[in-house]
Ligand SMILES: Nc1ncnc2c1ncn2[C@@H]1O[C@H](COP(=O)(O)OP(=O)(O)O)[C@@H](O)[C@H]1O
Ligand SMILES: [Mg+2]
């Protein structure tokens with residue numbers, strides 16, 4: 001992680017002509033129809049769209065959890081620092097997903113049988129593998145605890161997710177997303193399951209992370225007041241960014 005805020009002029013992620021159609025048996029569900037989106041280093045972009053407009057689909061493709069479809073013999077692209085993410089080797093794509101990108105989901109996706117500290121450290125465990133994790137076990141635990149402490153969870157390290165409120169669970173999920181010091185956070189309706197006060201606190205955590213770490217963010221939401229916290233708002237309508 002480079003220290004300080006990166007210059008905002010550098011292009012970080014660039015999506016071009018991204019199409020996606022789901023196939024349910026013989027039924028086609030067209031979702032994205034040529035999405036173009038640029039995100040600069042350190043920029044917070046909100047993608048505003050109605051439920052079912054394809055926000056999660058877009059986020060999954062940006063994060064290489066899914067790939068764009070071919071359209072007329074050509075596949076749309078997602079570039080990260082100028083490299084086409086989906087053309088890279090499996091190893092490079094794993095490194096991108098696990099190291100360059102941090103994901104935050106509406107329903108937290110914490111593992112119920114693991115403690116708060118273990119859930120957070122898990123991101124490093126997945127990235128480094130078993131031996132890497134064993135070798136760096138102490139630093140990883142310390143880094144996880146420092147993050148959790150900064151998010152007000154220092155006295156919850158040994159709790160399980162079921163023993164936490166929704167807002168606390170989402171703070172753990174954000175800590176987990178930051179564990180590998182990503183360059184961009186992909187947040188899928190991160191406040192969608194929270195009341196407005198708690199949601200506001202989560203957005204404060206996101207805003208702090210954005211400004212202190214110079215972290216780029218793509219946050220998708222159906223809520224204009226949530227989107228208003230970003231540097232820039234774009235809309236996803238009829239499968240395109242407008
Ligand atoms: N795996 C899938 N298989 C089939 N259809 C899907 C799948 N995932 C999403 N869809 C459909 O694609 C559309 C867009 O979904 P999604 O990207 O989740 O929208 P949003 O996040 O904006 O609510 C919806 O109509 C949804 O039902
Ligand atoms: Mg969604």
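Numbers for the structure displayed
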{"item": "Theoretical gain in end-to-end length, residue 133 to residue 113 [0.36 nm per residue, Cα-Cα removed]", "result": "5.3 nm"}
{"item": "Cα gyration tensor, the stretch 173-242 - rounded (a/c under 1.5), prolate or oblate", "result": "oblate"}
{"item": "Sorted by Cβ neighbour density within 10 Å, fewest at the top, the residues 22, 133, 96", "result": "22, 133, 96"}
{"item": "Fewest-first ranking of 202, 241, using other Cβ atoms within 10 Å as the exposure measure", "result": "241, 202"}
{"item": "Crossing angle, helix 166-178 versus the chain [Cα axis fit, 0-90 degrees, rounded to tens]", "result": "80"}
{"item": "Rounded to 5, the percent of DSSP beta bridges in the chain classed as antiparallel", "result": "55"}
{"item": "Relative contact order (percent, whole number), the chain, Cα cutoff 8 Å, 6+ residue spacing", "result": "31"}
{"item": "Rough spin-label spacing in nm, given labels placed 7 Å along Cα→Cβ, for residue 10 and residue 141", "result": "3.5"}
{"item": "Cα-based shape type of the chain, given that a ≥ b ≥ c are square roots of the gyration tensor eigenvalues and the cut on a/c is 1.5", "result": "prolate"}
{"item": "Between 0 and 90°, nearest 10: helix 137-150 axis offset from the chain longest Cα axis", "result": "80"}
{"item": "Relative exposure of 125, 219, 114, judged by other C-beta atoms within 10 Å (fewest first)", "result": "114, 125, 219"}
{"item": "Label-point separation in nm, residue 126 to residue 50, each point 7 Å along Cα→Cβ", "result": "3.2"}
{"item": "Rounded to 10°, Cα long-axis angle of helix 196-213 versus longest principal axis of the chain", "result": "90"}
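Read the figures in this text as sums done on the coordinates, not as results from a lab. Values in this document were obtained by computation on a predicted structure and should not be read as measured data. Don't worry about glycine lacking a Cβ; one is built from the backbone with ideal geometry, like all the others, and counts go over all protein chains shown.
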